[in-house]
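Take a look at the structure below.
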Amino acid sequence: MRVLLVGSGGREHALAWRLTRSDAVELHAAPGSPGIAALGECHPIRAEDSEGLLGLAHSLDVDLVVVGPEAPLVQGVADALRHAGIAVFGPSAAAAAIEGSKSFAKEVMAAAGVPAAAQLAIARAPCVVKADGLAAGKGVHVCRSQAEVEAALRAVAKLGAGVVVEELLEGPEASLFALCDGGEAVPLVPAQDFKRAYDGDTGPNTGGMGSYAPVPGLGEAEVAELVETIHRPVLEELARRGKPFVGLLYAGLMLTEAGPRVLEFNCRFGDPETQSVLPLVSGDLAQALAAAAVGELAGVAFEPAPGAAVTVVLSAPGYPEEGDRGAPIAGIEHAEAVGALVFHAGTALHGDRLVTNGGRILGVTGLGETLAVARDAAYDAVALIDFAGVRHRSDIAAEAARGRTYSLVG
C-alpha cells in the first residue's frame, strides 16, 4: 500500500513509525521531517497546499492519503483530494468544523444530547475562555479571577477569533480517539495529556507537554460506554446534517464527579497523545485507516497491546510564547539505544546537523510493563538528549505511576 502522510510534526512522525511497521506500506510524506525521512520519502509540499498535494498524490499513484494536522483539514484539503477520487483518512471541511469552530461543536453536541461543559452568556470568573477557531492548542484560558478573564479576552481578541465562554469543570482529563468512517467508530486506547507549560499544571496552555496511555480505570467496558454516549451520537448528528465524519474523532473529556463531560472535539490525532497511544495499538493500522476512508470499518477492532507508554516533550526555552531555530541537538541516538522512541516535532537539518526548528522540539516515549516503568524509561532517555535551553516538565504521568485510578461516574 502506497501511503501519503500529510504533515511534519511529532504526531506525523509517530504515525509514520506505526504505519511503516507493516511491510506492505510504502511511505511518502509532505512535507515530512528529518525523523520521517528515515522511514519514507519526503516531498517539499506544504500541508495546506491542496493543489500540490493533489498533483503529488496522482504522480505517486497513492492508495491512501492520511492528513495529520487540523489546519489543512479545516481548510478543505481532504475535500480536494476526495473529489479527485483519492481515498483520504481525514474529514471534510464541513465535518472538521467540529474542531474548527467551538460554537459549531457546541451546537452539534446539544443536538446530539452529548454531556458537555455548559456554555455561559457572560465571561465571569470562574470560567473557561476559548477562542472559537483554531489556535494550535493555545486558545484555552482557565480563569479563576476576573483579572484572568480580562487577560484571556484580550489574548483571544489578538487571535482574531470569536469567543466561547464555558463553565469551569473540575476533575482529571482524558483523551479518547476513535477511527470513524461516517457511521462506525473504532476506539483506540485512552490517553491523558498535559497542556500546561510547567510542573503542577501551572503556566499557559500549550500544544501539549507530555502524555501517557493507558488511563488507569478506563478499560474496554468504560471505553465502549464513552463511545456509545459521546462519539456515536455526534457521528449520527453530523451525518444527519449531511456532513459525515471520516477520520479520527478525538474527544477531550473531563471526568467530573457528575460523570464525563466533553471539553472539546478535535478532528485529527492528538499531539502528543498519539506518541503514547500508537505504540499500544496492535493490528494493521494502515489497513484500518484505509477501511475507514472507504466506509468499511465494520468488523475492524483493535486489541490493546499490553504495557504502557509515557511521552515527555522537550521544548524550546521560550515555548509557548516563542520557538527556537538553529540550536544543535545531541543525544537522540543514545536515547534510542536505551529503548526510547524519539519523535521529531520541530527539527530541521542544517547541512548534516540536526537542529531545533519550532516550539516543541522532540517527544520522547518510554515503554514498559507498567506506567511507572514506562515513566522511568522516558525520563532516563530525556536525560540523554540536549540542546541549548532545553525544557521539559518533570511530572508527566507522576500521579498515574503512583497508582491513581480514574473512573466513570454519574
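Some points to look at:
- Each residue in region 185-221 was checked for being open to solvent by 30 Å² or more (accessible area, probe 1.4 Å), within 25 Å of residue 108 (Cβ to Cβ) and at pLDDT below 95, and 1 pass.
- For region 378-410, the tally of residues that are more than 30 Å from residue 325 (Cβ to Cβ) and out of contact with any helix residue (DSSP H, G or I) (no Cβ under 6 Å at 6 or more places or on another chain) stands at 10.
- Residue count for region 122-165, restricted to those that are under 21 Å from residue 268 (Cβ atoms) and either of a type in the set (Gly, Ala, Ser) or surrounded by fewer than 16 Cβ atoms within 10 Å (Cβ to Cβ) (or both): 7.
Yes/no per residue for (1) surrounded by fewer than 22 Cβ atoms within 10 Å (Cβ to Cβ); (2) under 20 Å from residue 99 (Cα atoms); (3) out of contact with any Leu (no Cβ under 7 Å at 6 or more places or on another chain):
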position: 265; (1), (2), (3): no, yes, no
position: 270; (1), (2), (3): no, yes, yes
position: 282; (1), (2), (3): yes, no, yes
position: 286; (1), (2), (3): no, no, no
position: 293; (1), (2), (3): no, yes, no
position: 301; (1), (2), (3): yes, no, yes
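- Residue check, residue 408 buried (at least 18 other Cβ atoms within 10 Å of the Cβ) and touching a residue at least 60 places away in the same chain (Cβ under 8 Å): no
- Number of positions in region 361-392 that are in a strand (DSSP E or B) and surrounded by fewer than 24 Cβ atoms within 10 Å (Cβ to Cβ): 4
- Taking region 236-254 as the range and being buried (at least 23 other Cβ atoms within 10 Å of the Cβ) and either more than 23 Å from residue 83 (Cα to Cα) or out of contact with any Pro (no Cβ under 7 Å at 6 or more places or on another chain) (or both) as the test, the residues that pass are 248, 249, 250, 251, 253.
- Against the list (1) open to solvent by 10 Å² or more (accessible area, probe 1.4 Å); (2) touching a Phe, Trp or Tyr at 6+ places or on another chain (Cβ under 9 Å); (3) farther than 20 Å from residue 288 by Cα, the condition residue 55 fails is (2).
- Pair list, Cβ under 6 Å, 6 or more apart: region 65-91 residue on the phi > 0 side of the Ramachandran plot, other residue not hydrophobic (A, V, I, L, M, F, W, C): 90/247
- Qualifying residue in region 262-276 (condition: outside any helix (DSSP H, G or I), more than 17 Å from residue 68 (Cβ to Cβ) and more than 16 Å from the chain's Cα centre (by Cα)): no
- Any hit, region 24-46, residues being without any contact (Cβ under 8 Å) to a residue 24 or more places away in the chain, surrounded by 18 or more Cβ atoms within 10 Å (Cβ to Cβ) and over 21 Å from the mean Cα position of the chain (by Cα): yes
- Taken together, the criteria exclude residue 50 from residues that are of a type in the set (Ser, Thr, Tyr), in contact with a helix residue (DSSP H, G or I) (Cβ under 9 Å, 6 or more places away or on another chain) and crowded, with 22+ Cβ neighbours inside 10 Å.
- Residues being modelled with pLDDT of 95 or more and at positive phi - total across region 328-363: 3
- Restricted to region 98-121, and to residues there that are in contact (Cβ under 8 Å) with a residue 24 or more places away in the chain and either of a type in the set (Ser, Thr, Tyr) or out of contact with any strand residue (DSSP E or B) (no Cβ under 7 Å at 6 or more places or on another chain) (or both), the residue that is surrounded by the fewest Cβ atoms within 10 Å (Cβ to Cβ) is 121.
The values are calculated or read from the model by the stated rules, or taken from the named source; none is laboratory data. All values derive from a computational prediction rather than experimental measurement. Note that we place each Cβ from the backbone using ideal geometry, even for glycine, and neighbour counts take in every protein chain shown. Side chains included, ligands, DNA and RNA excluded: accessible areas come from the protein's heavy atoms. Shrake-Rupley method; radii C 1.70, N 1.55, O 1.52, S 1.80 Å.
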